[in-house]
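Read through the structure below, which is laid out as structure tokens, and then see the notes.
Derivation of every value follows stated rules applied to the coordinates shown; laboratory data play no part. Everything numeric in this text was worked out from a predicted model, so none of it was measured. Here Cβ is always computed from backbone atoms with ideal geometry, including for glycine, and neighbour counts include all displayed protein chains.
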Amino acid sequence: KAGVTQTPRYLIKTRGQQVTLSCSPISGHRSVSWYQQTPGQGLQFLFEYFSETQRNKGNFPGRFSGRQFSNSRSEMNVSTLELGDSALYLCASSLVVGVNSGNTIYFGEGSWLTVV
Amino acid sequence: GNSVTQMEGPVTLSEEAFLTINCTYTATGYPSLFWYVQYPGEGLQLLLKATKADDKGSNKGFEATYRKETTSFHLEKGSVQVSDSAVYFCALSASNTGNQFYFGTGTSLTVIP
């Protein structure tokens, strides 16, 4: 069974540009969430999608946005890139979404974004 | 609110040494607790989890017990190997936040032969 697939794996962008990252969840998983990982801030939750709807959002500016398609694939977009947006962006998928915790999330290998 | 506090690293151990990585949490509701491991250049992999108080999660020789009275979920392994060298993250998923996870800062472990 294929895992979570993220593309591209590595990219370099210039300040002010925008970037789109893609995530294909594990087959059958309908929940997709995104995290930003940096040495200074660690792992921070960006947002979660289920059935094409954003269910939850972390404390990030509006420049960070996402969406989910009917096949559960997800994209996130960062506009007007800043140097501080350089990070590893991780996508995770989960089989179940519900009010009960305990659902395991499975991570992709991430997309390394460098802003210069 | 929800948060995880994890032992600062880095930790360096000799092969076959005993490992403990401390993790404490603050949560509303009834959280589930997780340990994830990240190898260089890779994403996070689930190591083990526990979903209620007094549950013990275990995998690949690693263990952690969900202690509600001390709000802790310490990771232990009796005999580490070089291949255990990685960064370990403690995390919680709270009952009122769906699949939003809260992660500790990570503990880097290096095991030397």
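So what is the relative contact order of chain A, in percent, for Cα pairs below 8 Å that sit 6 or more residues apart?
Values: 297 pairs, mean separation 41.4, N = 116.
Relative contact order for chain A comes out at 36 percent.
As a test of understanding, state the convex hull volume per residue of chain B from its alpha carbons, in Å³. Spell out each step's value before the answer.
Working: hull volume 10.3 nm³, N = 113.
Taking only Cα atoms, chain B has a hull volume of 91 Å³ per residue.
Note down, for the protein assembly as shown, the three equivalent ellipsoid semi-axes (square root of 5 times each alpha carbon gyration tensor eigenvalue), biggest first, whole angstrom. It would help to have the intermediate numbers written out before the result.
Details: eigenvalues 168, 88, 49 Å².
Result for the protein assembly as shown: semi-axes of 29, 21, 16 Å.
Give me a single rounded figure for A:35-41: the average over its residues of other chain Cβ atoms within 10 Å of their Cβ. Each step should come with its number before you reach the end.
Values: counts 5, 0, 6, 0, 2, 1, 1.
Counting Cβ atoms of other protein chains within 10 Å of each residue's Cβ and averaging gives 2.
With just the Cα atoms of the stretch A:38-80, tell me how far they stretch along each of the three principal axes, in Å, largest first.
Principal extents (Cα only, largest first): 35, 21, 15 Å.
Give, to the nearest whole percent, the P(r) tail of chain A beyond 26 angstrom, counting all Cα pairs.
Tail fraction, whole percent: 14.
Just the Kirkwood number for the stretch B:27-70, please: inverse of mean 1/r across all distinct Cα pairs, in Å, one decimal. Could you put the intermediate results ahead of the total?
Values: mean 1/r = 0.0875 Å⁻¹.
11.4 Å is the Kirkwood radius here.
Could you size up the charge dipole of the protein assembly as shown around its Cα centre, putting +1 on the beta carbon of Lys and Arg and -1 on that of Asp and Glu, and report it in debye to the nearest 20?
Values: 17 positive and 16 negative charges, 140 e Å.
Taking the Cα centre of the protein assembly as shown as origin, the dipole is about 680 debye.
What does the structure give for A:74-87 when I average, per residue, the other chain Cβ atoms found within 10 Å of the residue Cβ? Walk me through the intermediate numbers first.
Values: counts 0, 0, 0, 0, 0, 0, 0, 0, 0, 0, 0, 0, 0, 0.
Average neighbour count from other chains, rounded to a whole number: 0.
Tell me the net charge near B:LEU109. Cut-off is 10 Å between Cβ atoms, B:LEU109 excluded, with +1 for each Lys or Arg and -1 for each Asp or Glu. Don't jump to the answer; show the numbers that get you there.
Values: positive: B:LYS77; negative: B:ASP84.
So the surrounding residues net to 0.
Hey, if you put +1 on the Cβ of every Lys and Arg and -1 on every Asp and Glu Cβ in the protein assembly as shown, which of A:TYR49, B:CYS23, A:TYR106 ends up farthest toward the positive end of that dipole?
The Cα lying farthest towards the positive end belongs to A:TYR49.
Can you give the mean number of other chain Cβ atoms that lie within 10 Å of the Cβ atoms in peptide B:99-110?
The per-residue average across the peptide is 5.
Along each principal axis of its Cα atoms, how long is the stretch A:1-49 end to end? Whole angstroms, biggest number first, please.
37, 21, 18
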